[in-house]
């Protein structure tokens, strides 16, 4: 494929070199582990978000779902242990289904539906956590993500890779995956070949919700605690990762496979800016610019293709 | 009127082509003061593009235009408005939530600003009121929200806008272009509209395009007829009757070879009925019934808006569609709810009119488009698509339909219109169809690919597929069909057999269409 497809890889290499030059700490195994933690968390949520964005929809409730599921997981760990992961995923699944149903049957744009559910969930989180944080004292649950089968590579990386591989398979090789791509490409055409478009949309939001729920529970395990704002960063960073990876924000172009590179770029950027001690306000400005640049680059690639 | 007048708009040798495809060429046209002219022609004859050229929406590729004795080269519609040419759009170009006077002066507010940049709406309203009164539209309140007026009044408001802006830009005698102004209104409103246009004639000239030929006869002083992108006739008042107009419009020679008429399958009452339609009604469609037999091509013709497309939509369940009546495929009646999937399950394929938004998905590959309706055939493990099987399926159809592509993985957007249309066909053939419903299957398709598609349709009928052909192209309708239905105003007005040895002529059919 063209150069555009590998642009994120180039960005990744350049970023790595720049950060390593500015601060040698960046290129140490300890820091690599930090990046892997962040990237793994982000990858789990971004895999689901990719399906939604591919359809030309958007899910702004990603962060809220992760937080509420993480809090639920932290509350249930004393009773359920690792089973809390399952319950958290089911909470996410339920919210995702609600998102999908509201989107499809009330014909409300997905951006508004998910903004609404995200806001409501923030209230739910405050009730559940009583505005504070919920520590996790079960070392087994913490070890779920933090145990290192290979030095410097925590277990969460393994989970993320498995989920990524399954999602790539779903995206590239199943009817559901093909239909999300087709809906984003042209909804009317897709409807006319008999695809139950509404059902596919609900499924995509459900999948995104379930993965965000799982992501929240993993995040709680990674942090050893659950707080009311722990998932906030996910909304912006999943969208950035998906778009930087090369999925069009308007849908129809891209895929889960590409999201991996986007996730690595975003994780490395976040981590690297911290390592070189960039002013936190400036970091936020840069993250915003990254989205803009990625969208512009994508639009240019698409219009260049249309011109030929 | 005083005899040797000079035209206010002169067009000489105008030509227009899009991406190398000529829409019209060698067009000469004059518009005199206080005159209502018409431009008639079949779909695709170039009349609409000619109108848009006058309105500055399309630039001519060749030729000159002179307006009020000065060269006229509008770059965009607003240039035309400034020069005194306005267009009343079919789909109404008024913003419904704005007030009438705000619509009049939309984008010209800067001419009304007072100190401090505030808009002087008082002066706008005053001006609007004066014009509306002068035009005999005193009942229209410029302060009212535009959307609260009926369609007819909004049309009047749009015409009034042409006068207001002409006056505003100091043009004495505006030219108003009317693009199918009667397409969406009833007889009463048409009468009102025509009465007003006649009344306004002492202050302006009008150019009318309509698909109802009788309206040219009622309203126009002079008529131009276009055919295949050329001006073929110019007629003066009293000189034209509907029969003479459509004689000039049609009359192309039909090449029997081109439509493979020799291989047209003979269909008899002994052949089984695959599709039976009874009493389809809804919208403005009334009681359409017919049977379609195995191996038959049944054509439905009629002017745009006659209801033929709605009939196709009802059969394949493409919403919104006329909901009354029944559609039966191979003895199975299709349900009203979820009719689309039910029709597909009953092996009905549909090639829609809008290829790029209803037929293919441009960003997907040829293979992915081909397998879209038949994913079950390219899976290996249950539910897992096999790229190898998918590519093999696509290759089979690329070969069968002569799709010109670099391979199964090429994106559909890079194919030509004709090859995209072959992919749409492939999509249904890959699934396997017994009934194929085609809505203008060769629209925007080049001549060579057209012939290949015709050949394919003949092959399909030979294999027993029944085809319902909806088309605006009369020659295609005549050449391909075993039997022809003509619709007018939502009803089937005639049924004509069309065996290869006794095909009806265009003139015969047009007589029923208008």
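The values are calculated or read from the model by the stated rules, or taken from the named source; none is laboratory data. Quick caveat: nothing in here was measured; it's all calculated off a predicted structure. Reconstructed Cβ throughout: ideal geometry from the backbone, glycine too, with neighbour counts over all protein chains shown.
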Of all residues in segment B:387-401 being surrounded by 16 or more Cβ atoms within 10 Å (Cβ to Cβ) and under 14 Å from residue B:453 (Cβ atoms), the one that is modelled with the highest pLDDT:
B:397
Given (1) surrounded by fewer than 18 Cβ atoms within 10 Å (Cβ to Cβ); (2) facing another protein chain (nearest Cβ under 10 Å), identify the lone condition not met by residue A:185.
(1)
Within segment B:181-209, residues part of a loop (DSSP other than H, G, I, E, B) and surrounded by fewer than 20 Cβ atoms within 10 Å (Cβ to Cβ) come out as B:183, B:184, B:185, B:186, B:201, B:202, B:203
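To keep it simple, each residue is scored yes or no on (1) in a loop (DSSP other than H, G, I, E, B); (2) within 14 Å of chain B (Cβ to nearest Cβ).
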{"site": "A:160", "(1), (2)": "no, no"}
{"site": "A:164", "(1), (2)": "no, no"}
{"site": "A:176", "(1), (2)": "no, yes"}
{"site": "A:189", "(1), (2)": "no, yes"}
{"site": "A:195", "(1), (2)": "yes, yes"}
{"site": "A:205", "(1), (2)": "no, no"}
{"site": "A:213", "(1), (2)": "no, no"}
{"site": "A:217", "(1), (2)": "no, no"}
{"site": "A:221", "(1), (2)": "no, no"}
Of everything in segment B:329-345, what is farther than 23 Å from residue B:471 by Cα and touching a residue at least 60 places away in the same chain (Cβ under 8 Å)? Give them in sequence order.
B:330
Can you go through A:272, A:252 and tell me which one is part of a loop (DSSP other than H, G, I, E, B) and either away from every other protein chain (no Cβ under 14 Å) or surrounded by fewer than 24 Cβ atoms within 10 Å (Cβ to Cβ) (or both)?
A:252
Here are B:350, B:318: which of them is facing chain A (nearest Cβ under 9 Å), modelled with pLDDT of 95 or more and in contact with a strand residue (DSSP E or B) (Cβ under 9 Å, 6 or more places away or on another chain)?
B:350
Can you tell me which residue is nearest to residue A:250 (Cα to Cα) among those in segment B:353-364 that are in contact (Cβ under 8 Å) with a residue 60 or more places away in the chain and within 7 Å of chain A (Cβ to nearest Cβ)?
B:360
Exactly one condition in (1) within 14 Å of chain A (Cβ to nearest Cβ); (2) touching a helix residue (DSSP H, G or I) at 6+ places or on another chain (Cβ under 7 Å) is false for residue B:338; which is it?
(2)
Scanning for something in contact with a helix residue (DSSP H, G or I) (Cβ under 6 Å, 6 or more places away or on another chain), within 24 Å of residue B:498 (Cα to Cα), touching a residue at least 12 places away in the same chain (Cβ under 8 Å) and not in a helix (DSSP H, G or I), does segment B:229-251 turn up at least one residue?
yes
Restricted to segment A:137-158 and to residues being crowded, with 20+ Cβ neighbours inside 10 Å and either in a helix (DSSP H, G or I) or touching a strand residue (DSSP E or B) at 6+ places or on another chain (Cβ under 8 Å) (or both), the residue nearest to the other protein chains (Cβ to nearest Cβ) is A:157
Quick one: which helices (runs of 4 or more DSSP H) sit completely within segment A:19-112 and have at least 2 residues that are in contact with a strand residue (DSSP E or B) (Cβ under 9 Å, 6 or more places away or on another chain), buried (at least 19 other Cβ atoms within 10 Å of the Cβ) and at pLDDT 95 or above?
A:62-80
Of all residues in segment B:261-276, which are under 22 Å from residue B:335 (Cβ atoms) and buried (at least 20 other Cβ atoms within 10 Å of the Cβ)?
B:274, B:275
Only residues that are under 29 Å from residue B:202 (Cα atoms), assigned to a loop (DSSP other than H, G, I, E, B) and touching a residue at least 12 places away in the same chain (Cβ under 8 Å): list them for segment B:91-138, please.
B:92, B:93, B:94, B:95, B:105, B:107, B:108, B:135, B:136, B:137
For segment B:365-406, give me each residue that is in contact with a strand residue (DSSP E or B) (Cβ under 7 Å, 6 or more places away or on another chain), at the interface with chain A (Cβ under 9 Å from one of its Cβ atoms), under 14 Å from residue A:179 (Cα atoms) and not in a helix (DSSP H, G or I).
B:383, B:384, B:385
Would you point out the residue of segment B:139-150, among those that are out of contact with any helix residue (DSSP H, G or I) (no Cβ under 7 Å at 6 or more places or on another chain) and assigned to a helix (DSSP H, G or I), that is nearest to residue B:166 (Cα to Cα)?
B:147
